[in-house]
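Written out below as structure tokens is the structure these notes cover.
The values are calculated or read from the model by the stated rules, or taken from the named source; none is laboratory data. Just so it is clear, the structure is predicted and the values come from calculations on it, not from any experiment. Using ideal geometry, Cβ is built from the backbone for each residue, glycine included, and neighbour counts are taken over all protein chains shown.
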Amino acid sequence: MKPIGPDEHGKANTPRTFPTPDTPEAIMALAGGFQRSRTLLTAFKLGVFGELDREPRASDEVARRLGCDARAMDRLLRALVTLGLLTLEQGRFACTSASARFLSRQSPDCLTSLDHTENLYHAWGTLTGAVRAGTAQKTGLGSESFDYEAFIEAMDRRARGDADALAEAIGLVGVTHVLDVGGGSGAYSMAMARAEPSLTAVVLDLPEVTPLTMRYVDKAGFTGRVVTRAGDYHTDELANPDGPGFDLVLLSAIVHINSSEENVSLLRRCHAALAPGGRVAMVDFVMDEERLRPPFGALFALNMLVNTARGDTYTASEIADWLARAGFTPLPPKAFGPTTSLILGRKD
């Protein structure tokens, strides 16, 4: 596997320099990036691409069908043409092949995770206040108003793209009992069950999430091999109440939600839930010691600032310290994907 992301010393294999906006025009273009994002998200939310994926329509017809103002819809559609997402011929608008495939909800390849991006857009509007206060300024993950369905759909789309590769990277020889903490749709658990016929998995997630998990599990045909347990990983015991210790505990996209001390506490309970020789596997954005690389992780740290109480991105040395404090023997990390790493610890 080509190393992309932090190496074993916590140093990222990314360029030492970053693009520099060095003219007023470049700086203003950077500042105005939200306009393009908002145009796309508004069109997606309104259902514009679903109206134009099969036949061209005039803007007033699109406005009527979607219950919008005719002049405002015309301006939105023309802006989408300039973004390369629609075409305009003889007064009629149509999707491009890419927007029909990825932005129409009728398409099986639709990027439905944009519903979650829509929610993130509003959270990022609170960044100034979050930087001043040091914590999220609006309700986010875990709140009563949180959109769990959009969040799990977005996480499932991301996970499905690399789930089989993760199962291979972890190594499942001798692994039969898995605990998938905060496992969402169960995509990683199902990939491991697919790779190892004797493996069963428990997806532990919030009560609001586990019914959604079972939709994905039942649809994929893993009912019985992948089961759910409703709970809060911050407070509930992780140990298997009805059987032996787990061979593997998976924490995928979990540690960035928590503070360092919360992660140490979580890892200690993972340690208690594992059988001797069992492993904990963390998949996350691992930063270099300057917290600059991978660049996506530097922005993602701000995403955690505006959406969680104490979340952050962390360095390889910080994670190694958590593992040691929780009683694990750290194993060599593995680069996994363009922005993430796989960190393993063993219970001796």
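Is one or more of the residues making up the range 294-314 farther than 27 Å from Thr126 by Cα, of a type outside the set (Lys, Arg) and crowded, with 19+ Cβ neighbours inside 10 Å?
Going through the range 294-314, the residues farther than 27 Å from Thr126 by Cα turn out to be none.
No; the residues of the range 294-314 include none that is farther than 27 Å from Thr126 by Cα, of a type outside the set (Lys, Arg) and crowded, with 19+ Cβ neighbours inside 10 Å.
For the range 278-286, does any single residue satisfy the condition of being in the same structural domain as Ala163 (by TED's automatic domain parsing), surrounded by fewer than 19 Cβ atoms within 10 Å (Cβ to Cβ) and not aliphatic (A, V, I, L, M)? Before you say what the answer is, go through the steps one by one.
Residues of the range 278-286 that are in the same structural domain as Ala163 (by TED's automatic domain parsing), as a first pass: 278-286.
Subsequent filtering for residues that are surrounded by fewer than 19 Cβ atoms within 10 Å (Cβ to Cβ) retains none.
No; the residues of the range 278-286 include none that is in the same structural domain as Ala163 (by TED's automatic domain parsing), surrounded by fewer than 19 Cβ atoms within 10 Å (Cβ to Cβ) and not aliphatic (A, V, I, L, M).
Would it be correct to say that Ala63 is in contact (Cβ under 8 Å) with a residue 60 or more places away in the chain, under 22 Å from Leu103 (Cβ atoms) and in contact with a helix residue (DSSP H, G or I) (Cβ under 7 Å, 6 or more places away or on another chain)?
Values: in contact (Cβ under 8 Å) with a residue 60 or more places away in the chain: no; under 22 Å from Leu103 (Cβ atoms): yes; in contact with a helix residue (DSSP H, G or I) (Cβ under 7 Å, 6 or more places away or on another chain): yes.
No: the conditions fail for Ala63.
Would you kindly identify the strands (runs of 3 or more DSSP E) lying entirely within the range 194-289 that contain at least 3 residues that are in contact with a Leu (Cβ under 6 Å, 6 or more places away or on another chain)? First the steps, then the outcome.
Details: elements: 200-205, 226-230, 246-252, 274-284.
Where strands (runs of 3 or more DSSP E) fall fully within the range 194-289 and carry at least 3 residues being in contact with a Leu (Cβ under 6 Å, 6 or more places away or on another chain), they are 274-284.
List the helices (runs of 4 or more DSSP H) that sit entirely inside the range 40-149 and contain at least 1 residues that are closer than 30 Å to Thr235 by Cα.
Numbers: elements: 48-52, 59-66, 70-82, 97-103, 114-124, 127-133.
The qualifying helices (runs of 4 or more DSSP H) are 114-124, 127-133.
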